[in-house]
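Participant: Here it is: the structure, laid out below.
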Amino acid sequence: VQLQASGGGLVQAGDSLRLSCAGSGNFIGTYAIGWFRQAPGKAREFVATISQGGGNKDYADSVKGRFAISRDNSKKTVYLQMNLLTPEDTAIYYCAASSVFGKRSPLDEYVAWGQGTLVTVSS
């Protein structure tokens, strides 16, 4: 599967953005999809993940209640709705595919990565 993330941009604190992760190649519905982010000078960190059918979701504590992950397998796309953004959310956001749901480490069984989309939140 090939993934492409999009939807990033420059917003102000308190604004919202919706990121998209579009899949091609192997059917995206066979993969759990994770969102990760990497801020300048920091390690890549887990943001959220969703199971193959969309029934299970997991979030990092830092985004719980503000971000929502969803998917539309008919459109081969996974979304990350980000609300109440803060400058601490500034990072490059990546989506990745795994055959197993629930993996929080970027080193854990993620077989494909999108190229990343930059989110910048100004104060």
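Participant: Return yes when LEU107 is hydrophobic (A, V, I, L, M, F, W, C), in contact (Cβ under 8 Å) with a residue 60 or more places away in the chain and open to solvent by 30 Å² or more (accessible area, probe 1.4 Å) and no when it is not.
Facilitator: Judged against the criteria, LEU107 is not a match.
Participant: Of the residues that make up segment 10-31, is at least one open to solvent by 30 Å² or more (accessible area, probe 1.4 Å) and among the β-branched types (Val, Ile, Thr)?
Facilitator: yes
Participant: Further question on the same structure: Consider ASP15 carefully, then state whether it is at pLDDT 95 or above, among the acidic types (Asp, Glu) and part of a strand (DSSP E or B).
Facilitator: Values: at pLDDT 95 or above: yes; among the acidic types (Asp, Glu): yes; part of a strand (DSSP E or B): no.
In short, no.
Quick grid of which residues meet (1) under 14 Å from the mean Cα position of the chain (by Cα); (2) free of Cβ contacts under 8 Å to residues at least 60 places away in the same chain:
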residue: GLY25; (1), (2): no, yes
residue: TYR31; (1), (2): yes, no
residue: PHE36; (1), (2): yes, no
residue: GLY41; (1), (2): no, yes
residue: ARG44; (1), (2): yes, no
residue: THR49; (1), (2): yes, yes
residue: GLY53; (1), (2): no, yes
residue: ASP61; (1), (2): no, yes
residue: ARG71; (1), (2): yes, yes
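Participant: With respect to the numbered conditions (1) within 19 Å of VAL121 (Cβ to Cβ); (2) modelled with pLDDT of 95 or more, which one is the sole condition not fulfilled by CYS21?
Facilitator: (1)
Participant: Please find, within segment 43-63, the residue that is most open to solvent (accessible area, probe 1.4 Å) out of those that are assigned to a loop (DSSP other than H, G, I, E, B) and under 13 Å from ASP89 (Cβ atoms). Talk me through it step by step, then tell me what you get.
Facilitator: Keep residues of segment 43-63 that are assigned to a loop (DSSP other than H, G, I, E, B), which gives 43-44, 51-56, 60-63.
In the following step, the residues that additionally are under 13 Å from ASP89 (Cβ atoms) were identified as 60, 62-63.
Values: ALA60: 12, SER62: 66, VAL63: 1 Å².
Filtering first and then ranking leaves SER62.
The values are calculated or read from the model by the stated rules, or taken from the named source; none is laboratory data. Everything numeric here is computed off the predicted structure, so don't read it as measured data. We place every Cβ from the backbone using ideal geometry, glycine too, and count neighbours over all the protein chains shown. These accessible areas exclude ligands, DNA and RNA; they are computed on the full protein's heavy atoms, side chains included. Shrake-Rupley method; radii C 1.70, N 1.55, O 1.52, S 1.80 Å.
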